[in-house]
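Contents: one structure, followed by commentary.
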Amino acid sequence: MFELHHGDCLEIMRGMNRESVDCIVTSPPYNKTGLMGGNVGKWDGARDWKEDIDYSTYDDNMPEEEYWKWQREILNESFRILKPSGSFFYNHKVRRYERKAYHPIVELIDHKLTFYQQIVWNRKGSVNNHKSYLSTTTELIFWFIKDKPKVNKKQAPFTSEVWTISPAFGNKHPAPFPTQLVDGCVLLTTDKNDTVLDPFMGSGTTGVACAQLGRKFIGIEIDKDYFEIAKKRIELAYSQTVMF
């Protein structure tokens, strides 16, 4: 019911069969160079972000152009492995640097997937409270498709493009998303026993949600510590599903 891979997601995805995945749900590293202007962990008044997301053994500190090139390569590889009815849900945020906002969709226009709809995740709170800007209480979920997507609005927990969900707490990963966010994506676009991929698995939230919803799961994570955390969580979730 599930496959877990420890390694580079792009390399592993290139080894997957064409049109073998029904849905992809993920949130990539947000890249500290772009968030912090190369001055990781510090804020000098011109920069807007005060938080510094530190992963366990992986450092997401890449030149901005290289980061977005990498992300477009992942979207193109996702196009190859998605079924024609498949969907890709890509969680990211509008980023700021030197008093200017940078919208991810501007950087993600040159790839094979089709931009289908933007979903707004209302987190209801924020750790970013710069005096010159309104509090950033939302993140974005970009819904990309390959051809004609499978859509099951009757079984989806959300019927509008604004999803109000509190952030996840009590998780050892620095930037986990809540299970309800995954539920919304998976229930909207898949049926039971469909296959869901998360190429940036983190602590395994997508896999846990898939176990609870009766979906097959493929997870990829490069950070060895978070891979082990995810492995334990997902194994437990699927064993409990079989038990009951």
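The values are calculated or read from the model by the stated rules, or taken from the named source; none is laboratory data. Predicted, not measured: the structure shown is a model, and the values here were computed from it. Here the Cβ is made from the backbone with ideal geometry for all residues, glycine too, and neighbour counts use every protein chain on show. Accessible surface areas use protein heavy atoms only, side chains included; no ligands, DNA or RNA. Shrake-Rupley method; radii C 1.70, N 1.55, O 1.52, S 1.80 Å.
Applying the criteria of a DSSP loop state and at most 15 other Cβ atoms within 10 Å to the GluC sites (Glu not before Pro) of the range 66-146 yields Glu98.
Close amide-amide hydrogen proximity is noted between Leu197 and Cys23, Ile24, Val25, Ile218, each under 5 Å apart and 5 or more residues distant or on a separate chain (H modeled in the peptide plane; Pro and chain starts excluded). Distances between placed amide hydrogens fall under 5 Å for Trp121 paired with Glu139, Leu140, Ile141, Trp163, all partners being 5 or more residues away or on another chain. Over 31 Å between Cα atoms: which of Lys69/Lys150; Lys131/Lys153; Lys148/Lys232; Lys112/Lys153; Lys112/Lys232; Lys146/Lys192 fall into that group? Checking Cα-Cα distances, Lys131/Lys153; Lys148/Lys232; Lys112/Lys232 exceed 31 Å.
Please give the per residue accessible area of the range 110-161, computed with a probe of 1.4 Å over protein heavy atoms only, in Å². With all protein chains present, the range 110-161 gives 64 Å² per residue.
Relative to the current alpha-carbon distance between Thr138 and Leu10, full extension at 0.36 nm per residue lengthens the span by 43.3 nm.
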